[in-house]
Amino acid sequence: MAGRSGSWPVRQIPVVVVVLLVAAAGLAGCTRGGDRDRVQGSISVSPQAALVDRPVAVTVQGLAAGARTTLTASARDTGGITWSATAQFEATSAGEVSLGQPSVGGSYTGVNPMGLFTLMAPPPGSAPDWFLYPPAGYDVTLQASVGGRVAATATVRRPDPLAVGVAERRLRPAKGGIYGNLYLPRHTTGRRPAVLVFSGSSGGLTTSFAAALLAAHGYPSLALAYFKAPGLPRTLHNIPLEYFTRALRVLRDQPGVDPHHLLVAGVSRGGEAALLLGAHFPQLVNGVIAGVPSSVVNPGEWPDASRPAWTLGGRPLPAVSPSERGQPNPPGKPRAVIPVERIRGPVLLACGEQDLKWPSCAYVDAITARLRAHRFPYRVTALRYRDAGHLIGGLTAYYGSMTDDALTSDGGTVAATQAAQADAHTNLLALLASQ
């Protein structure tokens, strides 16, 4: 959620080749005949610096044909913990290895061009379940070795979006204000689609990186908190939908924003909110991105699920009862079903079949069925991922790393979750580019 859209608003950095000469005595499979004194290995990286949602092409050259080559990637997270991954390849007849080849051992097997980057893991016994990005960006060190001896090294820079032409402005509640971070691309011309980005039941301001990344692709974005932040409700109860519309108007009024292409993007309970905003404010919202959403209005979250989550015009929205949660079309509750047919713009949905939080794919099926029944005239894209769970989101593809423990309560496998995130993000960028 395919295609690549947007442009990195800085000069493209050319391919950089790093060459390291090493003594070849004793290197298994690296020498032939009279070449036993030295071997020249090199790693080609393109691009050498790229945002975290950009794939990187890596090729090792100068190897002996058929040489078993181990590639290692390592990076330090914001806590200083080094994460790493390895993959083993057999050099081609031309003496080359690339990440596009199937790995025959290591952290993964088969073809996964970004596997070295996404499947890094911390040392055994380390605490983190996620690779947390250092605020200033980070470097990924690549190393190629044969027979236990290093043949070549290279570095890939993953810069922070703010370092590549994105301006940040923090918005904090005053009277009638909003709590969020505004991200505007510095180097774009004309008016562009803009996105209001918010999270789900975790609350707080957790979508800043996602919004900044979209801005780095040229799309003005606003990361919004709607509870569990200073000046806002502490829990997901009685959240006025009008609060989101204030944020949308702030975003709409920014320079470079196309006021006729204003989209909302949310995940989980935020996906539910995104659909509600599109349905109840079609004059303001021109498109909806909803990752692992619900097709119905749900009640508030812990500690009191008997209270409403959302209000409109000062009144609670009709919702399913706590016992009815998980039912895409609860009997006797037609007013609790989100009237998605009122949306006036494209809809992008994503779900994981292994979702342990709620049946997001059943919800997505109900949403698309309702849209078809009402002959919805706008583009609808529904992405379904068989082995992914609740964490696919669809807002960003970090090409970052996580452990199996990170998915314990959400479902899915690490490899499937990361592949789904990347595919959903690609579809999101394609949608924005089509506006």
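The values are calculated or read from the model by the stated rules, or taken from the named source; none is laboratory data. Please read these numbers as outputs of a predicted model, since none were measured by experiment. Note that we place each Cβ from the backbone using ideal geometry, even for glycine, and neighbour counts take in every protein chain shown. Side chains are part of the model used for accessible areas, which takes the heavy atoms of the whole protein and leaves out ligands, DNA and RNA. Shrake-Rupley method; radii C 1.70, N 1.55, O 1.52, S 1.80 Å.
Go through (1) open to solvent by less than 30 Å² (accessible area, probe 1.4 Å); (2) part of a loop (DSSP other than H, G, I, E, B) and name the single condition Gly278 misses.
Unmet condition: (2).
Quick one: which of Ala273, Ala305 is within 17 Å of Phe227 (Cβ to Cβ), hydrophobic (A, V, I, L, M, F, W, C) and surrounded by fewer than 24 Cβ atoms within 10 Å (Cβ to Cβ)?
Residue meeting the stated conditions: Ala305.
Could you tell me which numbered condition Leu142 fails, if it satisfies all but one of (1) of a type in the set (A, V, I, L, M, F, W, C); (2) in a strand (DSSP E or B); (3) open to solvent by 40 Å² or more (accessible area, probe 1.4 Å)?
(3)
Can you confirm whether segment 330-338 contains a residue that is over 30 Å from Pro124 (Cβ atoms) and in contact with a Lys or Arg (Cβ under 7 Å, 6 or more places away or on another chain)?
No, the conditions are met nowhere in segment 330-338.
Right, Ala167: of a type outside the set (D, E, K, R) and either assigned to a strand (DSSP E or B) or over 19 Å from the mean Cα position of the chain (by Cα) (or both) or not?
Considered against the rule, which asks whether it is of a type outside the set (D, E, K, R) and either assigned to a strand (DSSP E or B) or over 19 Å from the mean Cα position of the chain (by Cα) (or both), Ala167 comes out as yes.
Any idea which of (1) of a type in the set (S, T, N, Q); (2) within 24 Å of His237 (Cα to Cα); (3) open to solvent by 10 Å² or more (accessible area, probe 1.4 Å) is the one Ser360 doesn't satisfy?
(3)
Only residues in segment 266-287 that are closer than 16 Å to Tyr243 by Cα count as the first member; pair them with residues that are part of a loop (DSSP other than H, G, I, E, B) and of a type in the set (Asp, Glu), Cβ under 9 angstrom, at least 6 apart or cross-chain, and list the lot.
Taking only residues 6 or more apart or on different chains, the pairs are Arg269/Glu301.
For the condition open to solvent by 60 Å² or more (accessible area, probe 1.4 Å) and not in a strand (DSSP E or B), what is the one hit in Ala127, Ala65?
Ala127
Give the residues of segment 170-191 that are in contact with a Gly (Cβ under 8 Å, 6 or more places away or on another chain), hydroxyl-bearing (Ser, Thr, Tyr) and assigned to a loop (DSSP other than H, G, I, E, B), sorted by residue number.
Selection gives Thr188 alone.
Quick one: would you say Gly79 is open to solvent by less than 20 Å² (accessible area, probe 1.4 Å) and outside any strand (DSSP E or B)?
no
Looking at Val140, Val164 in this structure, which one is modelled with pLDDT of 95 or more and either out of contact with any Pro (no Cβ under 7 Å at 6 or more places or on another chain) or closer than 21 Å to Ala57 by Cβ (or both)?
After ruling out the rest, the residue left standing is Val140.
Can you name every residue in segment 154-172 that is open to solvent by less than 50 Å² (accessible area, probe 1.4 Å) and not acidic (Asp, Glu)?
Ala154, Val156, Arg158, Pro159, Pro161, Val164, Gly165, Val166, Ala167, Leu171, listed by residue number.
Can you list residue pairs whose Cβ atoms sit under 7 Å apart, with the first residue in segment 316-329 being over 19 Å from Ser268 (Cβ atoms) and the second being modelled with pLDDT of 90 or more and open to solvent by 30 Å² or more (accessible area, probe 1.4 Å)? Count only pairs 6 or more apart in sequence or on different chains.
From residues that are over 19 Å from Ser268 (Cβ atoms), the pairs are Pro316/Pro308; Pro318/Arg335.
Which condition number does Gly400 fail, the rest of (1) surrounded by fewer than 24 Cβ atoms within 10 Å (Cβ to Cβ); (2) at pLDDT 95 or above being met?
Only one criterion in (1) surrounded by fewer than 24 Cβ atoms within 10 Å (Cβ to Cβ); (2) at pLDDT 95 or above is unmet by Gly400, namely (2).
So which residues in segment 173-191 are open to solvent by 90 Å² or more (accessible area, probe 1.4 Å) and not polar (S, T, N, Q)?
Lys175, Arg186, His187, Arg191 - these are the residues of segment 173-191 that are open to solvent by 90 Å² or more (accessible area, probe 1.4 Å) and not polar (S, T, N, Q).
From the list Ala415, Ala424, exactly one residue is at pLDDT below 95, touching a Leu at 6+ places or on another chain (Cβ under 8 Å) and either in a loop (DSSP other than H, G, I, E, B) or crowded, with 24+ Cβ neighbours inside 10 Å (or both). Which is it?
Being at pLDDT below 95, touching a Leu at 6+ places or on another chain (Cβ under 8 Å) and either in a loop (DSSP other than H, G, I, E, B) or crowded, with 24+ Cβ neighbours inside 10 Å (or both) holds for just one of Ala415, Ala424, which is Ala424.
Which one is farthest from the chain's Cα centre (by Cα) among residues in segment 208-228 that are open to solvent by 10 Å² or more (accessible area, probe 1.4 Å) and not aromatic (Phe, Trp, Tyr)?
Step by step, filter segment 208-228, then rank; the result is Lys228.
Among the residues in segment 323-340, are any closer than 19 Å to Trp358 by Cα, of a type in the set (Ser, Thr, Tyr), open to solvent by 30 Å² or more (accessible area, probe 1.4 Å) and in a loop (DSSP other than H, G, I, E, B)?
no
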